[in-house]
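K.L.:
Please find one structure pasted underneath; my questions will follow.
The values are calculated or read from the model by the stated rules, or taken from the named source; none is laboratory data. Quick caveat, the model's predicted, so the values are computed rather than measured. Here the Cβ is made from the backbone with ideal geometry for all residues, glycine too, and neighbour counts use every protein chain on show. With ligands, DNA and RNA removed, areas are computed over all heavy atoms of the protein, side chains included. Shrake-Rupley method; radii C 1.70, N 1.55, O 1.52, S 1.80 Å.
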Amino acid sequence: MPLLRERRIDFALLTEPIEDVDVVNEELYSYRMGLVVSRSDPLAQRKSVHLAELKDYYFVCNNSSPDQRDSIFDICSRAGFRPRLRMECDDADLIGEAVSRGLGISFVTKRRFRENNVEDPNRPWRKDTAFVEVEDDFCVRTIRIAYLRGAYHTACEQNFLRGLRAHFAEE
C-alpha cells in the first residue's frame with residue numbers, strides 16, 4: 001500500500017491483508033456474516049443456512065459504501081451465484097422495514113442485529129425480523145490494522161493502537 005510506504009498514513013483498517021514483508025497485518029476482530037429475514041419467511045425458523053441455498057432470494061443491499069456492496073457480490077459469487085437485488089439504500093431502518101415486509105433478505109452481523117433489534121415504538125417492524133447465521137467459512141470477515149514494520153509510533157499513535165486493541169478485545 002503506497003500510502004503506508006510513503007508515510008502519508010500511519011495505519012490502515014482492512015478486511016484483506018496487505019501482502020508485503022514490510023507491513024504488519026494485525027488481526028483485531030473476526031465475525032461471521034448472517035442474514036436478517038422476515039419472521040414470515042421459512043428461513044426464520046432455521047438457526048443457520050448455507051449461502052448457496054439463497055440463490056433464488058431477493059436481497060436488500062446496504063450501499064452506504066462501495067466496500068459493503070462489493071462484499072455482497074463477492075460473498076455470493078463464492079457461493080456460485082449473483083445476488084438478485086430488490087432494493088439498495090444506505091438507511092438501516094429502511095432496510096429493516098423492507099426485510100420485515102418480505103421484500104428480501106439482507107446481510108448483517110449478529111452484533112449489529114442485536115444492537116438494532118431492540119423494541120422501539122417508532123420502529124414496530126423490528127419485531128417482525130429474525131437473524132439467521134450463514135454457515136459458509138467464506139462468510140467470516142476479519143478486521144485488521146496494518147502498519148509499517150519497525151516504524152516509529154508517537155505516544156498518541158501507541159495510545160490509539162492500545163485503545164483499538166482493547167475495544168476489539170471486548171467483542
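K.L.:
What residue, of 103, 94, is of a type in the set (A, V, I, L, M) and in contact (Cβ under 8 Å) with a residue 12 or more places away in the chain?
P.N.:
Values: 94 fails: in contact (Cβ under 8 Å) with a residue 12 or more places away in the chain.
So the residue among 103, 94 that is of a type in the set (A, V, I, L, M) and in contact (Cβ under 8 Å) with a residue 12 or more places away in the chain is 103.
K.L.:
Residue 20 fails exactly one of the following numbered conditions: (1) under 30 Å from residue 162 (Cα atoms); (2) open to solvent by 20 Å² or more (accessible area, probe 1.4 Å); (3) touching a strand residue (DSSP E or B) at 6+ places or on another chain (Cβ under 6 Å). What is the number of that condition?
P.N.:
It is condition (3) that residue 20 fails.
K.L.:
Hey, another quick one. Does residue 155 fit the bill of being open to solvent by less than 80 Å² (accessible area, probe 1.4 Å), within 30 Å of residue 10 (Cα to Cα) and modelled with pLDDT of 95 or more?
P.N.:
Numbers: open to solvent by less than 80 Å² (accessible area, probe 1.4 Å): yes; within 30 Å of residue 10 (Cα to Cα): yes; modelled with pLDDT of 95 or more: yes.
Yes.
K.L.:
Can you tell which of 40, 77, 64 is within 19 Å of residue 132 (Cα to Cα) and of a type in the set (Ser, Thr, Tyr)? Can you show your working first?
P.N.:
On the way: 77 fails: within 19 Å of residue 132 (Cα to Cα); 64 fails: within 19 Å of residue 132 (Cα to Cα).
Going through 40, 77, 64 in turn, the sole match is 40.
K.L.:
Here's another thing I want to ask about it. Which residues, taken from the stretch 80-111, are assigned to a helix (DSSP H, G or I), open to solvent by 30 Å² or more (accessible area, probe 1.4 Å) and over 19 Å from residue 138 (Cβ atoms)? I'd like the intermediate steps shown before the answer.
P.N.:
Of the residues in the stretch 80-111, the ones assigned to a helix (DSSP H, G or I) are 92-100, 110-111.
Pick out the ones that are also open to solvent by 30 Å² or more (accessible area, probe 1.4 Å) and you get 92-94, 97, 110-111.
92, 93, 94, 97, 111 - these are the residues of the stretch 80-111 that are assigned to a helix (DSSP H, G or I), open to solvent by 30 Å² or more (accessible area, probe 1.4 Å) and over 19 Å from residue 138 (Cβ atoms).
K.L.:
Sticking with this one: Which residue pairs have Cβ atoms closer than 7 Å, lie 6 or more positions apart in sequence or on different chains, and pair a first residue in the stretch 131-155 that is under 30 Å from residue 44 (Cβ atoms) with a second residue that is open to solvent by 20 Å² or more (accessible area, probe 1.4 Å) and of a type in the set (Val, Ile, Thr)?
P.N.:
The qualifying pairs are 141/15; 142/15; 143/15.
K.L.:
Tell me the residue from 27, 6 that is under 20 Å from the mean Cα position of the chain (by Cα) and over 30 Å from residue 128 (Cβ atoms), please. So that I can check it myself, show each step before the final result.
P.N.:
Working: 6 fails: under 20 Å from the mean Cα position of the chain (by Cα).
27 is the lone residue from the list that is under 20 Å from the mean Cα position of the chain (by Cα) and over 30 Å from residue 128 (Cβ atoms).
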